[in-house]
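Here is the structure we will look at, set down as structure tokens.
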Amino acid sequence: MAGRGHRPSKASAGRPRFWGRHAVTAALANPARVVRKLWGTREALAGLSLPPILPVVYAEAPDLGRMVPADAPHQGLVIEVDPLEEIWLGDLLEQGRDDRRPLVVLDQVTDPHNVGAVLRSAAAFDALGIVTQDRHAPPESGALARAASGALETVPWVRVVNLARALDEISEADFWRIGLTGHADQTLGAVMGEAKVAIVLGAEGEGMRQNTEAHCDQLAKLPISEKVESLNVSNAAAIALYAATTR
């Protein structure tokens, strides 16, 4: 493994179940995703192109409803999958060596809906990928895949053991690390410059940890009104990615 850089975490134990048309069809279309089983209504399955070796179970909508969290919008489709294979940070940084795609780093953002929404924004603005800390990020799950609306299958997601060391490696790959925080003096637009950027965001409420801030090259804030104390982390990520890609 020499030369591959910062060690990723182990894949989460167990097989998650995804539901909803976007999450299911994206997983089926992802050659890197192992899909173990598919349940669906005849109507929902009718339009899908399915691999012949995939076990398919026809089910009624109420039966599917009992397989997912209460009131989850399964849209007649549920799959069981293996978690994606782990990605090395060094490999991801190599993929972005010759372009200016931004990177998103999340510091202890644990809500699966937020991480899923960040993945969706990362896909929308063609980010290089997202980086999270292993022990303080949600596993792949149906709720996360649903919020990501297919982006879980297309945006590289690196889980690292030590976020500070990962930020050092990101810096060595010529990224300008910008930590978003409300107590910064300057706005994101003022500090961005022309370098490749890694946008670093902390959890709602607590924000970035002090050691994470210390591993940023610059702290910045979004120019939001004083009527609002802060933005949801996924909203902040979307705005920052828009700013980075429209410089």
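The values are calculated or read from the model by the stated rules, or taken from the named source; none is laboratory data. Because the structure is a prediction, the values reported are computed rather than measured. Glycine also receives a Cβ, built like all others from the backbone with ideal geometry; neighbour counts cover every protein chain displayed. We work out accessible area using only protein heavy atoms, side chains counted, and drop any ligands, DNA or RNA first. Shrake-Rupley method; radii C 1.70, N 1.55, O 1.52, S 1.80 Å.
Working carefully through the options Ala184, Ala198, Ala166, find the one that is in contact with a Lys or Arg (Cβ under 6 Å, 6 or more places away or on another chain), farther than 28 Å from Ala70 by Cα and not in a strand (DSSP E or B).
Sole residue among the options that is in contact with a Lys or Arg (Cβ under 6 Å, 6 or more places away or on another chain), farther than 28 Å from Ala70 by Cα and not in a strand (DSSP E or B): Ala184.
Which residue pairs have Cβ atoms under 8 Å apart, sit 6 or more places apart or on different chains, and have a first residue in segment 168-191 that is at negative phi and crowded, with 17+ Cβ neighbours inside 10 Å and a second that is of a type in the set (Lys, Arg) and not in a strand (DSSP E or B)?
Once the first residue is at negative phi and crowded, with 17+ Cβ neighbours inside 10 Å and sits in segment 168-191, its partners that are of a type in the set (Lys, Arg) and not in a strand (DSSP E or B) give Ala173/Arg97.
Check whether at least one residue in segment 113-128 is open to solvent by 10 Å² or more (accessible area, probe 1.4 Å), without any contact (Cβ under 8 Å) to a residue 40 or more places away in the chain and aliphatic (A, V, I, L, M), and report yes or no.
Yes, segment 113-128 contains a residue that is open to solvent by 10 Å² or more (accessible area, probe 1.4 Å), without any contact (Cβ under 8 Å) to a residue 40 or more places away in the chain and aliphatic (A, V, I, L, M).
I'm checking my understanding of the structure. Among residues of segment 206-226 that are polar (S, T, N, Q) and without any contact (Cβ under 8 Å) to a residue 60 or more places away in the chain, which one is nearest to Thr187 (Cα to Cα)?
Residue satisfying both the conditions and the ranking: Gln218.
Right, Ser49: over 30 Å from Gly179 (Cα atoms), open to solvent by 30 Å² or more (accessible area, probe 1.4 Å) and at pLDDT below 95 or not?
Spelling it out, Ser49 is indeed over 30 Å from Gly179 (Cα atoms), open to solvent by 30 Å² or more (accessible area, probe 1.4 Å) and at pLDDT below 95.
Could you tell me which numbered condition Val104 fails, if it satisfies all but one of (1) out of contact with any Gly (no Cβ under 8 Å at 6 or more places or on another chain); (2) open to solvent by less than 50 Å² (accessible area, probe 1.4 Å); (3) at pLDDT 90 or above?
Only one criterion is unmet by Val104, namely (1).
Just wondering, is there one or more residues in segment 19-30 that are over 16 Å from Ala145 (Cβ atoms) and open to solvent by 40 Å² or more (accessible area, probe 1.4 Å)?
Within segment 19-30, none of the residues are over 16 Å from Ala145 (Cβ atoms) and open to solvent by 40 Å² or more (accessible area, probe 1.4 Å).
Looking only at segment 58-85, how many residues end up being open to solvent by 50 Å² or more (accessible area, probe 1.4 Å) and farther than 23 Å from Ala151 by Cα?
Total meeting the criteria: 6.
Is one or more of the residues making up segment 42-63 part of a loop (DSSP other than H, G, I, E, B), in contact (Cβ under 8 Å) with a residue 40 or more places away in the chain, in contact with a Lys or Arg (Cβ under 8 Å, 6 or more places away or on another chain) and not small (Gly, Ala, Ser)?
No, segment 42-63 contains no residue that is part of a loop (DSSP other than H, G, I, E, B), in contact (Cβ under 8 Å) with a residue 40 or more places away in the chain, in contact with a Lys or Arg (Cβ under 8 Å, 6 or more places away or on another chain) and not small (Gly, Ala, Ser).
Give the residue that is most open to solvent (accessible area, probe 1.4 Å), with candidates limited to residues of segment 209-230 that are closer than 17 Å to Arg177 by Cβ and assigned to a loop (DSSP other than H, G, I, E, B).
The qualifying residue most open to solvent (accessible area, probe 1.4 Å) is Arg209.
With the requirement that a residue be outside any helix (DSSP H, G or I), farther than 21 Å from Arg165 by Cα and touching a Pro at 6+ places or on another chain (Cβ under 8 Å), what does segment 69-126 give you?
If the condition is that a residue be outside any helix (DSSP H, G or I), farther than 21 Å from Arg165 by Cα and touching a Pro at 6+ places or on another chain (Cβ under 8 Å), then Glu80, Val81, Pro83, Asp111, Phe125 are the ones that fit.
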